[in-house]
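Notes follow the structure.
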Amino acid sequence: MAAGTLPPFDPADPLGLDDLLDGTDRALRGTVREWAGERVLPHVAGWHERGEMPDVRGLARELGALGALGMTLTGHGCAGASAVAYGLVCLELEAVDSAVRSLVSVQGSLAMYAIDRFGSPEQRARWLPPMAAGETIGCFALTEPEHGSDPAGMRTRAERRGGDWVLTGRKMWITNGSLAGVAVVWARTDDGVRGFLVPAGTEGFAARDIRHKASLRASVTSELLLDGVRLPADAELPGARGLRAPLGCLGHARYGIVWGALGAARTCFETALDYARTREQFGRPIGGFQLTQAKLADMAVELHKGLLLAWHLGRRMDAGRLRPEQVSFGKLNNVREALEICRTARTVLGANGISFEYPVMRHMANLESVLTYEGTSEMHQLILGKALTGLDAFS
């Protein structure tokens, strides 16, 4: 191609990655970006500072109308979208705040995915349509106060009492917990780990919000208490047997994080780039100094390498060829690099970087949680280490 016919360099898309997307994907991305910019962005800094997200249920219904809830599932009102389309939605939502992407991830990739994959036809018909519409919010209760990275040690028990199940235990750090109309609760039985659908209002079931968080402050995070919760036999997810079931759901959620974390990184990079072009020191914009340009170049390289990785993993998921180890690869790299981009952006902004007048510190704080949930960096390193060496370092 002759040099004169080359398209101009686009700082927002230096590798021309938009060429990898079809018109439908770009249109969806634009729709979600516009919604997030109008409905969330003007308010989210205040929500974060106050530790609240007003009208979460209203936002959930709007997200349902956009087709963003359980969007890779088919039937029951779900969009049946591609993995890449879902990734783009996660990216645009986390570009405004991780709390919004977490709401969508937990609803669709954990709670709805578990019901769709492991539930009975009756359970799917009952719960998925209102969840896809955002009329019912779900949560996914696996983590416990004493068992985060080691879910095999869970203490929550489910025991047979006649034809019923009785659940007793505690779950911790549960996104959407106090909002949920239904909780997907994982418990140990005499025959191994099983999943159960616990409707809100069931006697013995309670949720209380966790306060005083320094991260994900606009997200509803709860502790769940199960004190002799009696459930009928048909509350059990019939297809879920063993710990592989909830771990499979986590893999689906981790995929969304591979994209979502880059939304936070993109916002911080764009903020730093705009700031560097206008902030003057020593008589000229700081973007004209070599050290600042080196920071911006490194941030752009890692951001767009991460986008290439996310797109590649999305195509593999759509082809049914995405392995769990590859999801760990993406989650480990993209969240780690996104957090470093946010930290570097903070240094470009100097003292202004810690002000909530700019989004950088908020995104940085949120990513500290994203780095941990759905598997810490150390756990994903060990997953990859086992795959590379064939040796299990977990035990």
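Results, tabulated for the structure shown:
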| read-out | value |
| --- | --- |
| Top-ranked residue in the range 257-310 [being of a type in the set (Gly, Ala, Ser) and open to solvent by 10 Å² or more (accessible area, probe 1.4 Å); ranked as farthest from MET364 (Cα to Cα)] | GLY283 |
| Wholly within the range 323-395, helices (runs of 4 or more DSSP H) carrying at least 3 residues that are touching a Pro at 6+ places or on another chain (Cβ under 6 Å) and either farther than 29 Å from HIS147 by Cβ or among the aromatic types (Phe, Trp, Tyr) (or both) | none |
| The range 332-381 - residue that is polar (S, T, N, Q) and in contact with a Leu (Cβ under 9 Å, 6 or more places away or on another chain) and, of those, nearest to GLY51 (Cα to Cα) | ASN366 |
| Single condition GLU52 does not satisfy, out of (1) open to solvent by 40 Å² or more (accessible area, probe 1.4 Å); (2) in a helix (DSSP H, G or I) | (2) |
| Pairs, first closer than 11 Å to ILE341 by Cβ in the range 293-319, second in a helix (DSSP H, G or I) and open to solvent by 50 Å² or more (accessible area, probe 1.4 Å), C-beta under 8 Å, six or more apart | LYS295/THR347; GLU302/GLU340 |
| Count of the range 314-331 residues which are buried (at least 20 other Cβ atoms within 10 Å of the Cβ), in contact with a Leu (Cβ under 9 Å, 6 or more places away or on another chain) and within 16 Å of ALA261 (Cα to Cα) | 4 |
| Whichever residue in the range 228-253 is in a helix (DSSP H, G or I) and modelled with pLDDT of 95 or more and, among such residues, is farthest from SER82 (Cα to Cα) | ALA233 |
| Count of the range 337-395 residues which are closer than 23 Å to GLN293 by Cβ and open to solvent by less than 20 Å² (accessible area, probe 1.4 Å) | 10 |
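The values are calculated or read from the model by the stated rules, or taken from the named source; none is laboratory data. What you see is a predicted model; the values in this text were computed from it and never measured. Note that each Cβ is placed from the backbone with ideal geometry, even for glycine, and that neighbours are counted across all protein chains shown. Just so you know, the surface numbers come from the protein's heavy atoms only, side chains and all, with ligands and any DNA or RNA stripped out. Shrake-Rupley method; radii C 1.70, N 1.55, O 1.52, S 1.80 Å.
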